[in-house]
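Heads up, the thing below is written out as structure tokens.
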Amino acid sequence: MELARDSTNQAEMGPGDDSAGWRAPPGGLVLWSTDSLCEDVDFRRQHQTPYQVGWKAWMTAVSDLSAMGARPIGGLVAALLPAETSTEAVLAIQLGLVEAAEVDGATIMGGDLSRSAGPLALTVTVLGEVTDGSPVTLGGGVVGDRILVTGALGMAGAAVERLEEGGDSVPGEWLERLLMPPSRSRAGMALRRAGSSAMTDLSDGLLLDLDRICQASGVGADLWLDQVPRGPGLGDAERGVELALTGGEDFELLATIPETLVGALLGNWQDGLPRLSVVGILTARLGTQLFWESGGDPVEAPAVAGFRHF
């Protein structure tokens, strides 16, 4: 579903010139973010088509704008391509980028293409705006705020695990989440407008990304495992719960919101937006503590909280 666009916010200069140009609206805040996908680190070409590589490159980059409640405008792409990359593959990557951006009502404004002696790598720099308030940051969480997540978790991690094990049968929903993650731009804007106090995207795992909000906000968290939404086929089995907590790559949104605003948020959550689940509460006690249910006994946390780049 495309986002509504104001024609005055289109790029005034796009691909084909030496620079791209866009006229910022008066009173708005412009946000930039950048993200890279590197072959054999972030994707494997034997598992992913060139089109899917382009799609995921956009969606992983724009996810950071979604996490601040910003509206995507456009992006710049820098592509490092091995010499053996075919013209057909390059065009498919381009199409994946363009069509993913169109889902967000955004455009690919330009970029750069270079031959590489190393692996294929794409860097996407995205531009967004907030014109009706302030962006949501990591550090706005307050003790007592409820913790929410969009969608369902664990599918991308489960797909990676199955593929790395050499499994020849990966459920379609798992594979789609890994290879072609959805846009959460509309959900991010809705959460910001509803009064979210802190927000981030779930790229490295729920526990690790929640810890980033807690550290930035100076709070702790209680997480209720029975409320954490798991993808189809993951169920309540221990490994399914662990993947939902640590798998990453789902690119859902993790947000906090004052308790007094939760009822209105859930009651006004629009059709077409992803499922929204209340999964815990921010606490004065630092650190994240896991419980199978609210008021239950503590549960031991997984040994690995999520994916760390270094």
>> Using the crude model of +1 on Lys and Arg Cβ and -1 on Asp and Glu Cβ, and no other charge, please compute the dipole size for the range 194-243 relative to its Cα centre, in debye to 20.
In response: 100 debye
>> Rounded, prolate or oblate for the range 160-310? Axes are the square roots of the Cα gyration tensor eigenvalues, ordered a ≥ b ≥ c, and the cut-off for rounded is a/c under 1.5.
In response: oblate
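With a/c under 1.5 counting as rounded, go ahead and sort the chain into rounded, prolate or oblate using the C-alpha gyration tensor (a ≥ b ≥ c being the square roots of the eigenvalues; past the cut-off, prolate if a/b is larger than b/c, else oblate). Before the final figure, lay out each step's value.
On the way: a/c = 2.09, a/b = 1.27, b/c = 1.65.
Note, shape of the chain comes out oblate.
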> For the chain, what's the relative contact order in percent, using C-alpha pairs closer than 8 Å and at least 6 residues apart?
Replying inline: 22 percent
> With helices defined as uninterrupted DSSP H runs, which ones in the chain have an alpha carbon span along their own long axis of at least 20 Å and mean Kyte-Doolittle hydropathy of at least 1.0?
Replying inline: 87-103
>> I'd like to compare 183-189, 100-106: which one has the highest average count of other Cβ atoms within 10 Å, and what's the full order after that?
In response: 183-189, 100-106
> By the scheme Lys and Arg +1, Asp and Glu -1, what is the net charge of all other residues having a beta-carbon under 12 Å from that of Thr49?
Replying inline: +2
> When only alpha-carbon atoms count, how far does the range 44-139 stretch along each of its three principal axes, as whole angstroms with the largest first?
Replying inline: 47, 26, 24
> What full-extension length gain, to one decimal in nm, is calculated for His47 and Gln270 as 0.36 nm per residue of separation minus the Cα-Cα distance?
Replying inline: 76.8 nm
> For the chain, modelled as a Gaussian network with Cα springs under 10 Å, which listed residue fluctuates most, Gly195, Gly154, Gly96?
Replying inline: Gly195
>> Sort 80-90, 130-140 by packing, meaning the average of other beta carbons within 10 Å per residue, with the highest value first.
In response: 130-140, 80-90
> What percent do you get for the relative contact order of the range 138-299 when only Cα pairs under 8 Å and 6+ apart count?
Replying inline: 43 percent
> Points 7 angstrom from Cα along the Cβ direction at Asp40 and Ser169: gap in nanometres?
Replying inline: 3.2 nm
> Is any residue of the range 32-69 close enough, with backbone N under 15 Å, to a label point placed 7 angstrom from the Cα of Ala78 along the Cα-Cβ axis, and if so, which?
Replying inline: 33-38
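Read-outs throughout are calculated quantities, based only on the coordinates presented, and are distinct from any laboratory measurement. Quick caveat: nothing in here was measured; it's all calculated off a predicted structure. Ideal geometry is used to build each Cβ from the backbone, glycine not excepted, and the neighbour counts take in all protein chains shown.
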